[in-house]
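This report refers to the structure that appears directly beneath it.
FYI, it's all coordinate maths here, none of it is from the lab. What you are looking at is a predicted structure, and each value in this text was computed from that prediction instead of being measured. Here the Cβ positions follow ideal geometry from the backbone for every residue, glycine too, while neighbour counts run over all protein chains shown.
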């Protein structure tokens, strides 16, 4: 496939993954939000004047593209592969008042296509992924790229009908030793992952928001939060890839920035419109659970890898 050859040819680059806004969700231009995040990170330092390249998996358009940007942040693109774009008629089954994608035979992009690309680079162009960025809806199981259902949640393998991320993709037996080594080899020495969507575990949100009133956490609450963090997709990816994964802490939401000319997803840290203010919760997570925040001001927590625990 053309995108596999292109990825090996362009050398060090970012892998961008932008999700699709399914029916019944507020419309979000995840592709532009992903590009905005990428350019913000790449051009945060004035001396970074060279051109930067990325391979973009756009789950809304179904296209895989090679993109490049210079210091002026103008983006050039070349479409490498095209899949079927998800359409309203592909959604039907109701789940908690949301319509799920129910066209398993449709040749849409899948999270497995993203993983296959990274595995290929680990085998044929080691060290060429400087970052893997997911900009999409998300929950504790990971990025929601199309909003599919796992028809066999107890099955250790990823169903072909399921296009979204699952924790089980990143643990034994689904993730073979060969693929795990390829995943790790794909990243550069300073490589990392960003999952910019929500952290899931909505039941934790009221507890976290009460931190603004100065409420301390009991040992039971701390243990619950630690367990939820350990069982999150963010931690699971960090363990599997042996790189840091920056993502929203469980119970913490993200949203499209309202005060930026080039908005991307970040954690609300001011009470704007109907969005909660998570600033006090983020401080307490850092102080009590010893997490650190991302260096880009997104309000995401750094999940560090624990490679010895990859099979848990």
A correct fewest-to-most ranking of 3, 290, 124 by other Cβ atoms within 10 Å would be 290, 124, 3
Would you work out if region 237-302 is rounded, prolate or oblate? Take a ≥ b ≥ c from the square roots of the eigenvalues of the alpha-carbon gyration tensor; rounded if a/c is under 1.5, else prolate when a/b is larger than b/c, oblate otherwise. oblate
Which of these, 286, 201, 89, has the largest mean-square fluctuation under a Gaussian network model of the chain (Cα springs below 10 Å)? 89
Remind me, relative contact order of region 222-312 in percent, using alpha carbon pairs under 8 angstrom and six or more residues apart? 35 percent
Starting from the Cα gyration tensor of region 199-312, take the square roots of the eigenvalues, sort them a ≥ b ≥ c, and report rounded, prolate or oblate (rounded when a/c is under 1.5, otherwise prolate if a/b is larger than b/c, else oblate). oblate
Got the relative contact order for the chain handy, in percent, Cα pairs under 8 Å and 6 or more residues apart? 17 percent
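For 272, 35, what ranking results if the residue with the fewest other Cβ atoms within 10 Å of its Cβ goes first? Walk me through the numbers on the way to the answer.
On the way: 272 13, 35 24.
So the residues, fewest neighbours to most, are 272, 35.
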Between 129, 79, 118, which gets the highest mean-square fluctuation from a Gaussian network model of the chain, Cα cutoff 10 Å? 79
Cα shape, the chain, gyration tensor, a/c 1.5 rule: rounded
At a 10 Å Cβ-Cβ cut-off, how would you order 163, 223, fewest neighbours first? 223, 163
Mind checking which of 174, 158, 20 has the largest fluctuation in a GNM of the chain, springs on alpha carbons under 10 Å? 174
